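Since the structure comes first, as structure tokens, the remarks are kept for the end.
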Amino acid sequence: MLMMKDDINILKWKIKVKRMANKGHKNRQKRISYNGRCQIKRKEFVWTFNQAPGPYAKNTGATLGSIIRDILHFADNSREIKYILTNKDCRVNGKRIKDEHFPLGLFDVLEFKDVDKRYRIFLNNKNKFVLKDLSKEKLFRPCRIVSKKIITGSNIQLGFDNGFSWILPKTVKANVGDTVEYNIEKAKFGEITKLQENAQVYVVGGPHVSKIGILKAIVKGDVTKANEITVESEGKTFKTREKYVFVIPNDLKL
């Protein structure tokens with residue numbers, strides 16, 4: 001029996017969907033088109049690590065493999081990186097990670113337990129990642145609140161910039177834009193730093209990226225204009241968008 005035209009189209013569609021389902025995540029991407037925050041040599045080799053799905057977009061994060069090889073220079077190739085992650089105790093924000101494609105972002109803490117090395121990720125004035133040694137400092141990760149919603153039992157759940165979430169105690173108040181300290185050693189959330197005047201802030205985007213200053217004023221926007229923040233840094237005052245400002249606690253050493 002001859003197949004009808006509609007049946008043929010349905011069969012083609014099923015084959016196409018099956019191929020798409022089997023495609024999966026790509027493990028590599030070309031260096032020449034890389035737009036992440038890890039400084040790499042674009043023309044030295046063809047391929048680099050592709051970022052796995054996670055809390056960070058490709059232009060705001062970097063893979064664990066790229067950080068180990070291209071920033072820390074602990075390995076020369078992917079084979080050595082896989083050996084380190086498989087046989088050594090490598091942790092990101094207190095959790096052991098074995099995937100070289102795992103994404104890292106601003107203020108994430110990277111630990112190598114076997115050699116007692118700890119690093120925190122910052123930005124330079126070119127909007128690229130730099131790592132600072134934390135061997136003698138308190139281990140915590142400042143988490144910016146990016147969402148706030150009511151869940152079952154009339155509880156309030158906060159969502160953070162690194163993908164973490166926290167059910168807010170009923171005696172504590174926090175809003176989107178505030179920063180909560182996450183104690184890595186105790187795996188607990190602690191002190192809250194408010195987005196308000198005279199708070200210490202770190203600029204994470206725009207022409208003033210990586211600058212540290214004091215928040216002087218918040219100008220509310222409307223439907224067509226975002227909130228505007230006035231920051232004083234090194235004796236100078238500038239304005240930037242609220243999404244480019246990250247409130248940081250005073251005990252965070254930069």
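Summary table
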{"read-out": "18 Å Cα cut-off, lysine pairs counted over the range 200-247 (separation 8 or more, or different chains)", "value": "10"}
{"read-out": "Fully extended contour minus Cα-Cα distance, from Q196 to K239, at 0.36 nm per residue", "value": "14.0 nm"}
{"read-out": "Whole-Å distance, taken between Cα centres, linking the range 228-254 and the range 20-97", "value": "30 Å"}
{"read-out": "Choice from R79, R120, R69 with maximal GNM fluctuation in the chain (Cα, 10 Å cutoff)", "value": "R79"}
{"read-out": "Angle in degrees between helix 5-23 and the longest Cα principal axis of the chain, rounded to the nearest 10", "value": "50 degrees"}
{"read-out": "Highest-MSF residue in the chain out of G213, G163, G177 [GNM, Cα springs under 10 Å]", "value": "G163"}
{"read-out": "Residue (of F45, T60, V223) at the positive-pole extreme of the chain, dipole from beta-carbon charges", "value": "F45"}
{"read-out": "222 nm mean residue ellipticity, helices alone, for the chain (DSSP H n ≥ 4; -39,500 (n - 2.57); rounded to 500)", "value": "-3500 deg cm²/dmol"}
{"read-out": "Rough spin-label spacing in nm, given labels placed 7 Å along Cα→Cβ, for I212 and L72", "value": "2.3 nm"}
{"read-out": "Max mean-square fluctuation residue, GNM over the chain, Cα-Cα springs under 10 Å, options K30, K58, K170", "value": "K170"}
{"read-out": "Point-to-point label distance, F122-K225, nm (Cα→Cβ direction, 7 Å offset)", "value": "3.4 nm"}
{"read-out": "W47, W166 arranged by Cβ crowding within 10 Å, fewest neighbours leading", "value": "W47, W166"}
{"read-out": "Cβ-defined net charge surrounding N162, 9 Å radius [Lys, Arg +1; Asp, Glu -1]", "value": "0"}
{"read-out": "Stokes-Einstein translational diffusion, the range 86-139 - Kirkwood Rh over all Cα pairs, 1.306 mPa s, 10 °C, in µm²/s", "value": "135 µm²/s"}
{"read-out": "Whole-number percent relative contact order across the chain, with pairs defined as alpha carbons under 8 Å at least 6 apart", "value": "11 percent"}
{"read-out": "Three principal axis lengths of the range 200-247 [C-alpha, angstrom, descending]", "value": "32, 18, 17"}
{"read-out": "Gain upon complete extension [E137, D114; 0.36 nm per residue less C-alpha separation]", "value": "6.5 nm"}
{"read-out": "Rg/Rh for the chain, where both radii come from Cα atoms and Rh is the Kirkwood radius", "value": "1.06"}
{"read-out": "Charge dipole magnitude, Cβ of K and R +1, D and E -1 - the range 140-193, Cα centre, debye nearest 20", "value": "180 debye"}
{"read-out": "Hits among aspartates and glutamates - C-alpha to C-alpha of K136 under 17 Å, sequence gap 8 or more where chains match", "value": "D108, E111, D114, D116, E185, D251"}
{"read-out": "Inverse mean reciprocal Cα-Cα distance (Kirkwood Rh) of the range 140-193, Å", "value": "11.2 Å"}
{"read-out": "Nearest 10 degrees, 0 to 90: helix 78-87 Cα axis against the chain principal axis", "value": "70 degrees"}
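We did not get these values from a lab; they are worked out from the coordinates using the rules stated. These numbers come from a predicted model, not from an experiment. Cβ: placed from backbone, ideal geometry, glycine included. Neighbour counts: every protein chain shown.
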